Amino acid sequence: MSATLHREWVRHTPGQRLGRFLVTLLTVAALVWAIRTVEIIPEFLTDAPEQMADLLLRMWPPDLGHYYPSVHAALMETLHIATLGTILGIALAMPFALMAARNICRSAILNALAQLVLVSSRSVNSLVWALIFVAVFGPGPAAGVFAIAFRSIGFVGKLMAEALEEAHPGPVEALTATGASWPLRMLKGVWPQVQPAFWGVALFRWDINLRESAVLGLVGAGGIGVVLDDAINFFQWERVATILLAILAVVLLAEILVTRIRARLL
Amino acid sequence: MTQPILEIRGLVKEYQPGKPVLRGIDLSIGAQGITAIIGPSGTGKSTLLRCVNRLVEPTQGSIMMGGQDLARLRGGALRAARRRIGMVFQEYNLVERLSVMENVLTGRLGYVPLWRAWLRRYPREDLDRAFALLDAVGLPEQATRRADALSGGQRQRVGIARALMQSPALLLADEPTSSLDPKTAVEVMELMARLTGEAGVPVIVNIHNVELAKRFAVRIIGMTGGRVVFDGPPDAISNDHLSEIYGGEDWL
């Protein structure tokens, strides 16, 4: 039998091709619209390198003598805000993570409610949380701690809910079969499975919070942002440089520390 | 037969309404020996076993054990009933990141309070018993190793030790050898038969391998389509029966 019939093969159906064309068109349209909206003034754009160079010259050399004691104290405060905020955030996030994980909480209404809480927490920027808590507690590090904690709830809660949903049901089923109660099944069946994810998420969030808490001072929520804001307002660019270098050093150290610990977790 | 330990009457399970997986099972299990349930995949063997310790909720029927209807129990009473029923799983279902010892000790979670499990302060007699069971299943040196470092056969031995740690009145084994190579499968069955024989614990085992079933069981139950179609001693099962249970005869 001679096979003369050629069968056609194309990657996409006509409908898929049309769809892909429309997505491309929309993306280009959105880009053009965005550029037209921000109204870049050409003069300012051409002027920018000059301004930047001027600023850097004013920052040089950094006023390193300014570091101790005021910048150092503010930096320590930032560290404390980040650490306390992370711990508080994790404590607040865990109940919602358990509630959001569909394999642990069987009620679709509670799942949705927990998701709503987690999304709300993430949808508000930490600077906005800080503004809210400055209004509640007054200016100072307490507002910063709560801002960091409330921003962390969504991040930690979402990632932990995902880790919980990925836990194998088999071991938990085995513990159910031994007659273990719910808390014991969580403690001995689920917790060992999500433990590496938990420490990974906690460290990662602490790393992020360290960077976020550095700017909270701009709205009066304590930390190194306060001294940064002051230095900028008084045009003390050498001091600004010192503060930025201090932040850079701490963020870098935290990054190295967190990466090393996370590599050992699994 | 002596007084049965388990009495199943009219057991029906429908995962979706109108589509029963178990179509009215009546069984009574004696107080000794291994009862093997054979049958094709998807015929409800696993569902039957899981209805007994309520990992699956029965739709209808009663499961009497020790004067209680297991199908009606709730909350604390259900947990108290479950801890008297050990279970061994096809995929072992160990907590991979815990040590062998802790996996064996999870067999006591129906008995120990939360704080003891949390602080790993298990009662002295539980620890002694766990070590004795590890010796008995042939893993005396492995107590501190993590469960995920063990081979399949070793894991199933830990699974058996965990189930026996419960001091069960009945042991359920759901395809305990299906993930193991033939030699290890026989060894694990031998171990299970010996230890449960010594402890006088009756066993219900789902098993694919008819030869293994005949070798170790005192009674074979053949299921197909959610019904029991054979029930008798191993030497009574014929090719006609097997053909009825599994369908077709070319494979025999």
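We did not get these values from a lab; they are worked out from the coordinates using the rules stated. The structure presented is a predicted model; accordingly, all values stated were derived computationally and were not measured. Note: ideal-geometry Cβ built from the backbone for every residue, glycine included; neighbour counts use all protein chains shown.
Averaged over the residues of peptide A:164-177, the number of Cβ atoms from other protein chains lying within 10 Å of each residue's Cβ is 6.
Among B:Ala117, B:Ala217, B:Ala163, the residue with the largest mean-square fluctuation in a Gaussian network model of chain B, with springs joining Cα atoms closer than 10 Å, is B:Ala117.
Rg/Rh for the stretch A:61-265 to two decimals, with Rh computed the Kirkwood way over all alpha-carbon pairs.
Rg divided by Rh gives 1.09.
Roughly what % antiparallel, to the nearest 5, for the DSSP beta bridges in the protein assembly as shown? Given both bridge residues lie in the protein assembly as shown, the antiparallel proportion sits at roughly 55 percent.
Before rounding to the nearest 500, sum -39500 (n - 2.57) across all DSSP H runs of length at least 4 in the protein assembly as shown and divide by the residue total; then give [θ] at 222 nm in deg cm²/dmol. Walk me through the intermediate numbers first.
Details: 20 runs with 289 residues, N = 518.
-18000 deg cm²/dmol, from helical runs alone.
Note on B:Ala80 and A:His80: with the Förster distance fixed at 51 Å, the Cβ-Cβ geometry gives a FRET efficiency of about 0.55. Positive-end ranking of A:Val190, B:Leu171, A:Leu210 along the dipole of the protein assembly as shown, with charges on Cβ about the Cα centre, is headed by B:Leu171. Between A:Phe21 and A:Asn233, the modelled labels are 5.9 nm apart [label points 7 Å from Cα along Cα→Cβ]. Descending by average beta-carbon neighbour count within 10 Å, the peptides B:193-204, B:138-149, A:253-264 line up as B:193-204, B:138-149, A:253-264, the highest first. Scoring B:232-238, B:221-227 by mean Cβ neighbours within 10 Å over their residues and listing the highest first yields B:221-227, B:232-238.
Among A:34-42, A:179-187, the peptide with the highest mean count of other Cβ atoms within 10 Å heads the list, and the full ranking is A:179-187, A:34-42. All other residues whose Cβ lies under 14 angstrom from that of A:Arg239 are scored, Lys and Arg at +1 and Asp and Glu at -1, for a net of -3.
What is the mean number of Cβ atoms from other protein chains located within 10 Å of the Cβ atom of each residue in peptide A:189-202, rounded to a whole number?
On the way: counts 5, 1, 4, 7, 4, 1, 1, 1, 0, 0, 0, 0, 0, 0.
For this peptide, the per-residue mean of nearby foreign Cβ atoms is 2.
Please report, to two decimal places, log10 I(q)/I(0) for the protein assembly as shown at q = 0.13 Å⁻¹ as given by the Debye formula with identical point scatterers on the Cα atoms and no solvent. With no solvent term, the Cα-only Debye profile gives -1.20.
Dividing the mean sequence gap of close Cα pairs (under 8 Å, 6+ apart) by how many residues chain A holds gives a relative contact order of 25 percent.
About the centre of its Cα atoms, the protein assembly as shown shows a dipole size close to 1260 debye [charges on the beta carbon of Lys, Arg (+1) and Asp, Glu (-1) only; nearest 20 debye].
Each of A:Ile232, A:Leu131, A:Gly65 was scored by the projection of its Cα onto the charge dipole of the stretch A:61-265, and the greatest displacement toward the positive side belongs to A:Leu131; charges sit on the C-beta of Lys, Arg, Asp and Glu.
Membrane-span-like helices in chain A, defined purely by DSSP H runs whose alpha carbon atoms cover 30 Å or more axially and whose average Kyte-Doolittle hydropathy reaches 0.0, are A:14-38, A:72-100, A:141-166, A:237-265. Within the stretch A:133-154, which residues have the backbone N less than 13 Å from the label spot 7 Å out from A:Ala91 along Cα→beta-carbon, could you tell me? Answer for the stretch A:133-154: A:146, A:149-150.
Averaged over B:96-102, how many beta carbons belonging to a partner chain fall within 10 Å of each residue's beta carbon? Kindly include the intermediate steps, with their values, before the conclusion.
Details: counts 5, 7, 6, 0, 0, 0, 2.
Mean partner-chain Cβ count within 10 Å for B:96-102: 3.
Label separation (B:Ala132 vs B:Ala236): 3.7 nm, computed from points 7 Å beyond Cα along the C-beta direction.
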